[in-house]
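Take a look at the structure set out below.
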Amino acid sequence: MISIKNISKWYGDFHVLKDCSTEVNKGEVVVVCGPSGSGKSTLIKCVNGLEVFQKGEILVDGVSVGARGTKLSKLRARVGMVFQHFELFPHLRVIDNLCVAQLKVLGRSKAEATEKGLKLLDMVGLQAHTQKFPAQLSGGQQQRVAIARALAMDPIAMLFDEPTSALDPEMIKEVLDVMVKLAQEGMTMMVVTHEMGFAKQVADRVIFMDNGQIVEDRLKTDFFSKPGTDRAQQFLSKILSH
Amino acid sequence: MPILAAGLDWSIFFQPAFDGSGNYLRFLFVGFQWTLFVAVTGWIIAFVVGSIVGVFRTLPGRVLPTLGTVYVEVFRNIPLLVQLFLWYFVFPDIVPHLGTWFKQSLNPLLQQFLAGALCLGFFTAARVAEQVRSGINSLGAGQRAAGLALGFNIPQVYRIVLLPVAYRIIIPTLTSEFLNIIKNSAVASTIGLIELSRQSQQLGEFTAHWYESFIAVTLLYGIINVTVMTISRFVEKFTRLPGYVGGK
Amino acid sequence: MYQFDWSSIPGALPYLWQGMARTLQITVTAIIVGILLGTVIAVLRLSKNSILSSLAALYVNGFRSIPLVMVLLWFYLLVPSVISKIMGQPHMDIRLLSAFVAFSLFEASYYAEIIRAGIQSISKGQVSAGLALGMNSGQTMRLIILPQAFRRMTPLLLTQAVILFQDTSLVYVIGLAEFFGVAYNTGNRDGTLVELLLFAGAVYLVICLSASTLVRILQRRLAP
């Protein structure tokens with residue numbers, strides 16, 4: 001489904017991504033972890049073209065992200081993204097946040113879009129808040145709406161960029177529960193996160209990045225039981241200790 | 001002459017004006033009308049052009065942002081009075097078809113009005129552009145990214161995601177620019193437009209009652225000021241989003 | 001196609017130069033007096049004494065709600081009569097003196113707002129530290145707050161100075177000839193108004209653009 005081949009990216013002189021390659025197959029859940037500055041957010045943003053890369057190729061369902069002829073907006077309509085800071089549109093009510101892209105990008109009718117929006121809000125447990133404005137919701141609630149907003153586009157894959165890093169501890173679980181449910185329903189997911197509990201529960205593979213490189217890319221069970229590189233071990237021990 | 005209200009002759013406002021247009025109160029009112037007329041017209045130009053230039057400066061790419069920057073730097077670094085004279089004296093002579101039309105087909109008052117409105121409009125547009133730019137930037141890169149990630153193209157991102165919130169954020173600064181346009185309209189008196197400050201000068205010249213004239217006009221400017229600020233506060237309240245406190 | 005005739009510019013250069021000197025006289029005077037007076041007003045505005053702070057607010061809001069053109073006309077009306085009462089005939093051109101007074105007082109209100117914002121941006125902890133060391137509030141203001149506030153506000157103060165430089169062209173309304181006035185009069189007299197106005201515009205553009213660029217460089221150096 002998502003094919004990342006030899007991606008390299010520079011910000012000016014700074015070599016941010018160094019020859020990264022990996023695959024996310026249909027229905028797979030891949031967790032990307034690593035210290036800050038390792039390039040994991042940048043890598044995931046390259047998948048839907050929010051960041052450009054200078055070398056390599058990324059294919060999403062056969063479509064080349066970096067190719068000149070590719071209509072990025074069409075690609076992005078098929079791949080959902082959830083951001084660290086939720087990024088709900090503050091001037092639109094919750095239900096309108098869910099509908100606006102369905103109407104303007106997919107061309108659905110208002111009735112169709114609203115029905116889908118309400119169904120998804122129900123799925124994430126927020127059906128009582130359809131008319132509220134984002135600023136009236138807690139962080140956890142906003143992030144669940146953000147997930148629903150991305151799902152409303154019926155994506156073939158979902159990208160998560162540190163979805164729980166900006167949340168207060170007591171709200172992390174409600175968001176992870178939604179993500180677990182999504183994974184169990186067979187969604188193709190690429191998740192940048194520090195939440196190793198989530199990884200242990202639903203991930204198929206775990207990727208460890210450090211300094212712009214993919215250092216480890218292993219099956220979940222292997223990653224957590226059989227130690228690989230020293231770097232990954234250090235990182236894991238620091239994270240898992242609290 | 002000491003500035004005591006008692007020593008001033010306020011009856012001059014009820015005396016007939018030298019141009020036969022009624023009494024001097026009406027004379028000043030005509031000035032008030034032209035001030036508002038040229039300021040509002042200028043504001044419409046400023047808002048439209050300024051929004052376009054402000055958006056240009058925040059677009060990805062190189063050409064449009066550079067055009068925007070050039071516009072802002074040119075119109076901010078030439079004095080308002082010089083710009084006015086360029087519109088009124090230079091533009092009609094240099095620009096081929098529009099210029100001759102301006103010189104020949106418009107009566108003097110319209111020429112003064114048009115030059116004044118265009119000058120105020122394009123001058124203020126540079127400042128509005130900066131407000132719009134800073135409003136959009138204060139939303140952070142995340143909102144733009146979220147819009148793009150949903151599949152919106154760039155025009156949609158601006159129309160649906162960025163501008164509705166950016167404009168709400170900059171209402172106070174836009175109000176202050178509107179007040180500036182009203183004050184700046186006084187420079188049009190130098191090319192003879194019969195706006196408020198010119199009328200006050202004429203009144204003084206013809207009746208020699210300078211203090212009364214200036215006091216009345218100063219009060220009028222003050223009243224306009226207070227009125228606009230009050231309206232702006234209502235607009236702000238009306239468009240406020242529940243719970244939201246400005247950009248990140 | 002308009003036939004440009006730049007011939008009257010070279011001959012007029014000495015007068016244009018004198019005009020520019022006059023522009024700079026007004027600008028510099030207004031900057032110095034404006035900043036000094038503006039600082040006093042800003043401090044008064046923040047004072048606990050409600051009479052003083054209201055007076056300061058009245059000053060600032062008063063000057064900021066009327067056009068500069070009106071301010072110039074007002075002082076051109078007031079200054080001659082006040083001066084003649086105080087000291088008879090002045091040595092200076094009365095228009096120039098009116099311009100000095102008008103610009104200084106007008107700019108002071110704008111500088112007062114910039115400086116007030118600067119003072120308020122310094123954390124209250126600094127005042128507490130000063131008081132805890134035994135200083136009185138006057139000393140904390142003079143020795144601790146103001147130096148820091150000015151450092152922070154320097155780019156804004158300079159930007160306002162560039163605006164002031166441009167605004168001096170408005171003395172045209174009281175018949176005083178500085179750089180712009182000379183350019184206009186020369187062009188009017190020689191029938192080359194278009195060329196002189198374009199020349200004046202270009203000169204202002206170059207000077208102000210250079211000045212704002214320098215301010216931006218300074219801003220980048222001062223910011224941590």
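The values are calculated or read from the model by the stated rules, or taken from the named source; none is laboratory data. Being a predicted model, the structure only gives us computed values, none of them experimental. Methodologically, a virtual Cβ is constructed for each residue, glycine included, from the backbone with ideal geometry; neighbour enumeration extends over all protein chains shown. Ligands, DNA and RNA are excluded from the accessible area calculation, which covers all protein heavy atoms including side chains. Shrake-Rupley method; radii C 1.70, N 1.55, O 1.52, S 1.80 Å.
Rolling a 1.4 angstrom probe over the protein heavy atoms with all chains in place gives the range C:113-162 an accessible area of 56 Å² per residue. Can you pull the percent of the range A:59-196's accessible area that's carbon plus sulfur, 1.4 Å probe, other chains left in place? Roughly 49 percent of what the probe reaches on the range A:59-196 is carbon or sulfur. Remark: mean inter-chain Cβ contacts per residue of B:139-147 equal 5, using a 10 Å Cβ-Cβ cutoff to other protein chain atoms. In order along the range C:129-135, the Karplus-derived 3J(HN,Hα) couplings, from 6.51 cos²θ - 1.76 cosθ + 1.60 at θ = phi - 60°, round to 4, x, 4, 4, 7, x, 6 Hz, and Gly and Pro are given as x.
Surface exposure of chain A, expressed per residue as accessible area with a 1.4 Å probe, stands at 43 Å².
With a 10 Å cut-off around each Cβ of B:155-165, the average count of Cβ atoms from other chains is 3. Counting only Cα atoms, the size of the range A:60-191 along its three principal axes is 43, 32, 26 Å, in decreasing order. Rounded to whole numbers, the Karplus 3J(HN,Hα) couplings from phi for the range A:203-214 are 5, 8, 10, 10, 10, 10, 10, 8, 6, x, 10, 7 Hz, using 6.51 cos²θ - 1.76 cosθ + 1.60 with θ = phi - 60°, and x at Gly and Pro.
Residues of the range C:53-94 whose accessible area, computed with a 1.4 Å probe over protein heavy atoms, drops by at least 10 Å² once all protein chains are present relative to their chain alone are C:ARG64, C:SER65, C:ILE66, C:PRO67, C:VAL69, C:MET70, C:LEU73, C:TRP74, C:LEU77, C:LEU78, C:SER81, C:LYS85. Within a straight-line Cα-Cα reach of under 19 Å, C:LYS48 can be paired with the following lysines, leaving aside sequence neighbours fewer than 8 residues apart in one chain: C:LYS124. In plain terms, the chain from B:LYS237 to B:LEU25 could stretch by 72.8 nm, reckoned as 0.36 nm per residue minus the Cα-Cα distance.
Residues whose amide H comes within less than 5 Å of that of A:ASN211, counting only those at least five positions distant or on another chain, are A:SER38 (H built at 1.01 Å from N in the peptide plane). Mind checking which aspartates and glutamates have their C-alpha under 20 Å from A:LYS119, skipping anything on the same chain fewer than 8 residues away? Within the straight-line cut-off, A:LYS119 pairs with A:ASP96, A:ASP154, A:GLU174, A:ASP177, A:GLU185. Each principal axis of chain B carries a Cα extent, and these read 69, 50, 27 Å when sorted largest first.
Once you've got the Cα coordinates, tell me which of A:LYS181/A:LYS226; A:LYS45/A:LYS71; A:LYS40/A:LYS200; A:LYS5/A:LYS71; A:LYS5/A:LYS238 are over 22 Å apart.
Exceeds cut-off: A:LYS181/A:LYS226; A:LYS5/A:LYS238.
Among the trypsin sites (Lys or Arg not before Pro) within the range B:1-98, those in coil by DSSP and having at most 13 neighbouring Cβ atoms inside 10 Å are B:ARG62. Ligands, DNA and RNA left out, the accessible area of the range C:1-159 computed with a 1.4 Å probe is 67% carbon and sulfur. Name the residues of the range A:45-85 whose accessible area falls by at least 50 Å² when all protein chains are present instead of the chain alone, probe 1.4 Å? Residues meeting the cut-off: A:ARG76.
Computed over neighbours whose Cβ is under 10 Å from that of A:GLY228, the net charge equals -1, Lys and Arg +1, Asp and Glu -1.
Per residue, how much accessible area does the range B:2-239 show when a 1.4 Å probe rolls over the protein heavy atoms, in square angstrom?
That works out to 43 Å² for each residue.
Around the amide H of B:ALA17, modelled in the peptide plane, lie the amide H atoms of B:GLY22, B:ASN23, B:TYR24, all under 5 Å away and 5 or more residues distant in sequence or on another chain. 3J(HN,Hα) along the range A:41-50, derived from phi through the Karplus expression 6.51 cos²θ - 1.76 cosθ + 1.60 where θ = phi - 60°, amounts to 5, 4, 4, 5, 6, 6, 5, 9, x, 6 Hz, with x in place of Gly and Pro. Legend: mean number of C-beta atoms from other chains within 10 angstrom of residue C-beta atoms, peptide B:201-210, equals 1.
Can you give the percent of C-alpha pairs in the protein assembly as shown whose distance is more than 44 Å?
Tail of P(r) above 44 Å: 42 percent of Cα pairs.
Within the range A:1-89, report the trypsin sites (Lys or Arg not before Pro) that DSSP leaves as loop and that have at most 15 other Cβ atoms within 10 Å.
Answer in residue order: A:LYS26, A:ARG68, A:LYS71.
With contacts taken as Cα pairs under 8 Å at a separation of at least 6 residues, the range A:18-163 carries a relative contact order of 29 percent. Interface between chains B and C: roughly 3000 Å² of accessible area buried, both sides summed (probe 1.4 Å, protein heavy atoms only). In terms of its Cα atoms, the range C:110-224 spans 70, 32, 15 Å along the principal axes, sorted from long to short. Expressed as a fraction of 2.2 N^0.38 Å, the value expected for a compact globular protein of N residues, the C-alpha radius of gyration of the range B:178-247 is 1.57. Could you work out what % of the accessible surface of the range B:2-239 is carbon and sulfur, using a 1.4 angstrom probe and leaving DNA, RNA and ligands out of the count? Within the range B:2-239, the accessible surface is 69 percent carbon and sulfur.
Contact residues in the range C:179-215 (at least 40 Å² less accessible area with all protein chains than alone, 1.4 Å probe): C:PHE180, C:VAL194, C:LEU197, C:LEU205. Close amide-amide hydrogen proximity is noted between A:VAL16 and A:LYS9, A:TRP10, A:TYR11, each under 5 Å apart and 5 or more residues distant or on a separate chain (H modeled in the peptide plane; Pro and chain starts excluded). Roughly how large is the A-B contact in terms of buried accessible area, totalled over both chains, probe 1.4 Å, nearest 100 Å²? Approximately 1900 Å², summed over both chains.
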